[in-house]
Amino acid sequence: MRIPNWPVWDEREVELLRAVLESGQWGGFNPLVQRFEREFAGFQQCAHGVSLANGTVALELALQAAGVGPGDEVIVPAISFISTATAVSRVGATPVFVDIEPFSFNLDPERAAAAASPRTKAIIAVHFGGQLADMDCLMALAEERGLLLIEDAAHAHGSEWNGRRAGSLGVLGTFSFQNSKVMTAGEGGMLVSNDAGLAARVRSLADQGRRPGEGWFFHFELGTNYRLTAWQAAVLLAQLERLPEQIVLRTRNAELLRAELADVPGLRFQEVPPQATAHSYYLLLGRIEAAKFGAARDEFHRALTAQGIPCTPFYPHTLYANPLYQQGGCRIEPCPVAEACIQDAFWLPQRVLMGDEETTREIAAAIRGAGR
Ligand SMILES: Cc1ncc(COP(=O)(O)O)c(C=O)c1O
């Protein structure tokens, strides 16, 4: 099967990397870095972008800059990559693990509302696989209870909710450019916001506590160095140029797979509500009901792998089941949906959606064949 490799690159990356090489400014102060921040923040419909070393520290600095700390609780979905929770713990606050919805795989707003306590300061909405969480409900909840709504948009470059891009709906959004993400420089991150004060605070924290216009050796608060390099910015500028057409391709192929497999009993892909006006399709998520499909999720995974189709049998456990959180330091709400997804959900990585039509039809046939 002709499934393309990831990452994708061409002469454009080489050209921009060469420009960095020849400039002699290889660190975070090459104008290319600022250009990338402007272009990416603009693409996400935000006024400010602060590039950072990775998506994990972007979340940590976001929470710190927003004033989240010891004594505060932050609601996070029980299903995500670990950084969503550890960022909360690392600023001294307490993650509260809340269930997800059964077919969006995103934080359940009703459960989040029920879990909020007088100590709750923020909610982190993860846009899982590239589909935005229910931002209508989460924004209303945040407004009503006076909570900060933070978007962990590590999967959601270019994704939208009612025409508004990820990162522009909450008080701020964070992105990852790690190797598997829809734009990558191997590592990298970005914080976007329409709040100038928050963005300036994050920039200062990530740049040794400096302030614009002040001297190089003048430090105003306890910062550190989380700057992105010019090498990464060069590669990411090229990746950003290519992203819109890649989203069109993945969306077309995801829709073809959905249409080809709509009649397969016991197989349900992530439900896309009408408000999700764009989906990055970092992942195509789904769930298998073994009795109807004719094979359990793990058999399905083995069948696809045997045919050379990359497939991940979901996370092996909820975030709170990690040894780290089994020792405490968190609050755990009942999460029956998340627990069920651990048993029956899967995802296909973006490159499965980046082949031609014939390949996509072959993938559909293989998925159908994995069942009865
Ligand atoms: C949902 C989510 N948040 C945060 C991160 C952290 O990003 P990074 O790997 O760039 O630190 C990831 C990355 O894998 C992620 O999937």
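Quick note: the coordinates plus some simple rules give every number you see, no bench work behind them. None of these values were measured; they are calculated from a predicted model. Note that each Cβ is placed from the backbone with ideal geometry, even for glycine, and that neighbours are counted across all protein chains shown.
Tabulated values for the structure
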quantity: Whole-Å distance, taken between Cα centres, linking the stretch 320-350 and the stretch 189-217; calculated: 34
quantity: Ordering of 107-113, 237-243, 128-134 by packing [mean C-beta count within 10 Å, highest first]; calculated: 128-134, 107-113, 237-243
quantity: Nearest-20 debye value, the stretch 243-369 charge dipole, Cβ charges on Lys, Arg, Asp, Glu; calculated: 200
quantity: Enclosed volume per residue, in Å³, of the convex hull spanned by Cα atoms of the chain; calculated: 132
quantity: Dipole of the stretch 136-267 [Lys/Arg +1, Asp/Glu -1 at C-beta], most positive-end residue of 191, 257, 234; calculated: 234
quantity: Per-peptide average of other Cβ atoms within 10 Å, ordering 53-63, 39-49 highest first; calculated: 53-63, 39-49
quantity: Selected from 98, 64, 3, residue furthest toward positive end of dipole (the chain; charges at beta carbon); calculated: 64
quantity: Rel. contact order, % - alpha carbon contacts under 8 angstrom, at least six apart, the chain; calculated: 22
quantity: Theoretical gain in end-to-end length, residue 343 to residue 90 [0.36 nm per residue, Cα-Cα removed]; calculated: 88.1 nm
quantity: Contact order normalised by residue count of the stretch 243-369, Cα under 8 Å, 6+ apart, percent; calculated: 36
quantity: Whole-Å distance, taken between Cα centres, linking the stretch 219-251 and the stretch 1-24; calculated: 13
quantity: FRET efficiency for residue 372 and residue 317, using Cβ-Cβ distance with R0 set to 25 Å, rounded to 0.05; calculated: 0.30
quantity: Local electrostatic count, residue 153, Cβ distance below 13 Å [Lys/Arg +1, Asp/Glu -1]; calculated: 0
quantity: Farthest toward positive dipole pole in the chain [+1 Lys/Arg, -1 Asp/Glu at C-beta], among 178, 283, 20; calculated: 20
quantity: Global geometry of the stretch 47-139, whether rounded, prolate or oblate, following the gyration tensor of its Cα atoms and the 1.5 cut on a/c; calculated: oblate
quantity: Residue-by-residue Karplus 3J(HN,Hα) for the stretch 24-34, coefficients 6.51, -1.76, 1.60, Hz, glycine and proline x; calculated: x, 10, 9, x, x, 10, 5, x, 4, 5, 5
quantity: Cα gyration tensor shape of the stretch 129-190, rounded if a/c is under 1.5, else prolate or oblate by comparing a/b with b/c; calculated: prolate
quantity: Percent of beta bridges antiparallel (DSSP, the stretch 11-239, rounded to nearest 5); calculated: 45
quantity: Computed lengthening from residue 117 to residue 245, 0.36 nm per intervening residue step minus Cα-Cα distance; calculated: 41.7 nm
quantity: Estimated FRET transfer efficiency (residue 143, residue 298; beta-carbon r; R0 51 Å; 0.05); calculated: 0.75
quantity: Residues in the stretch 294-337 that a label on residue 110 would reach, taking backbone N under 14 Å of a point 7 Å out along Cα→Cβ; calculated: 336-337
quantity: Computed label-point distance, nm, for sites residue 326 and residue 39 using a 7 Å Cα→Cβ extension; calculated: 4.6
quantity: Nearest-20 debye value, the stretch 11-239 charge dipole, Cβ charges on Lys, Arg, Asp, Glu; calculated: 560
quantity: Local electrostatic count at residue 181 - Lys and Arg +1, Asp and Glu -1, tallied over other residues with Cβ under 14 Å; calculated: +1
quantity: Descending principal axes extents, the stretch 48-203, alpha-carbon based, whole Å; calculated: 39, 34, 26
quantity: Residue-by-residue Karplus 3J(HN,Hα) for the stretch 186-193, coefficients 6.51, -1.76, 1.60, Hz, glycine and proline x; calculated: x, 9, x, x, 7, 10, 10, 6
